[in-house]
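Encoded as C-alpha cells, the structure appears first; notes follow it.
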Amino acid sequence: MKIKLTSSYIMRTGIFEEIGVVKKLIDGYCQIIGYLIAAAMLLMVILVFGNVVMRYGFNSGFTVSEELSRWLFVWLTFLGAVVALRDNAHLGTDMLVGKLGPLGKRICMGLSLIGMLYCLWLLFQGSLEQYKVNVDSESPVMEASMGWFYAAGMVFSVFGAPILLLDLYKLLTGQIDDDHLLLMQESEESPHGESREPSQH
C-alpha cells in the first residue's frame, strides 16, 4: 500500500519522531537518576551504620557522617521525585475526579499539569534565590558550599518540566486514553512494578 507523502503527513511524522526522542531522553536521565539514588542510599547506610559501630565499639566516629547523610537524603528525595513523576507514582486521591466523565477528567488533568508546571517554576525560582544567597557560605563540617544543598530544587524543576510538558502534549493531541487520565497512585499497596505510563491509541 502506497502512502501519499503530503506536507501534513511529513509534519506529523516529524513531530512523532521528536516526541520519541524526548521520551528516550526522559527515560535515559531517569535511569541514571535511579543509579544515583541507589548509590546515595548505599553510601547513607554505610555512613550511618559505620558511625554507630565506631561510636559504640571504638568511642569514635566519622565526623562527616551526619552532615553528608543529611545532604544525601535531601538530594535523594528530590531525585526520587523526578522518577516518581515520570511513573505517576505520587500518592493522591480521585474522590472528585473519579466521579467525572472523560471530558471532565481531561480538563482536570490539563489544569493539574499546568498547575504543576507553575509550581516547578516557583520551586526553581526559590531554589535559585537560595543558591545565590548561600553559595558563598560553607557547611560546618564538610566546608562545602551550602548552595549545592539548595540546588536540589533546581535540578528537580529542570528534570521534571520535560515530563509534564510531554504529558501535556499527549493530552492535547489525544494520545492518552480515558483509562489513564489520573496523574497519581491511589494507594501505596499498588505493585511497584506496575507500569503507570499513559497508554496511547
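Just so it is clear, none of the values below were taken in a lab; they were calculated from the coordinates. Worth saying up front: this structure is predicted, and the values here are computed from it rather than measured. Backbone-built Cβ (ideal geometry, glycine too); neighbour counts: all protein chains shown.
Here are the numbers for the structure shown:
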quantity: Under the Karplus curve 6.51 cos²θ - 1.76 cosθ + 1.60, θ = phi - 60°, whole-Hz ³J(HN,Hα) for region 80-85, x wherever Gly or Pro sits; calculated: x, 5, 5, 5, 5, 5
quantity: Contour excess over end-to-end distance, with Cα ends at Val48 and Glu129 and 0.36 nm allotted per residue; calculated: 26.0 nm
quantity: Inter-site label distance for Tyr56 and Leu111 at 7 Å from Cα along Cβ, in nm; calculated: 5.3
quantity: Pairwise FRET efficiency - Trp121 versus Ser145, Cβ, R0 = 25 Å, nearest 0.05; calculated: 0.55
quantity: Backbone HN-Hα couplings from phi across region 46-55 [Karplus 6.51/-1.76/1.60, Hz, Gly and Pro as x]; calculated: 4, 5, 5, 5, x, 5, 4, 4, 5, 5
quantity: In Hz, Karplus ³J(HN,Hα) per residue of region 121-127 (6.51, -1.76, 1.60; θ = phi - 60°; x = Gly, Pro); calculated: 5, 5, 5, 5, 4, x, 5
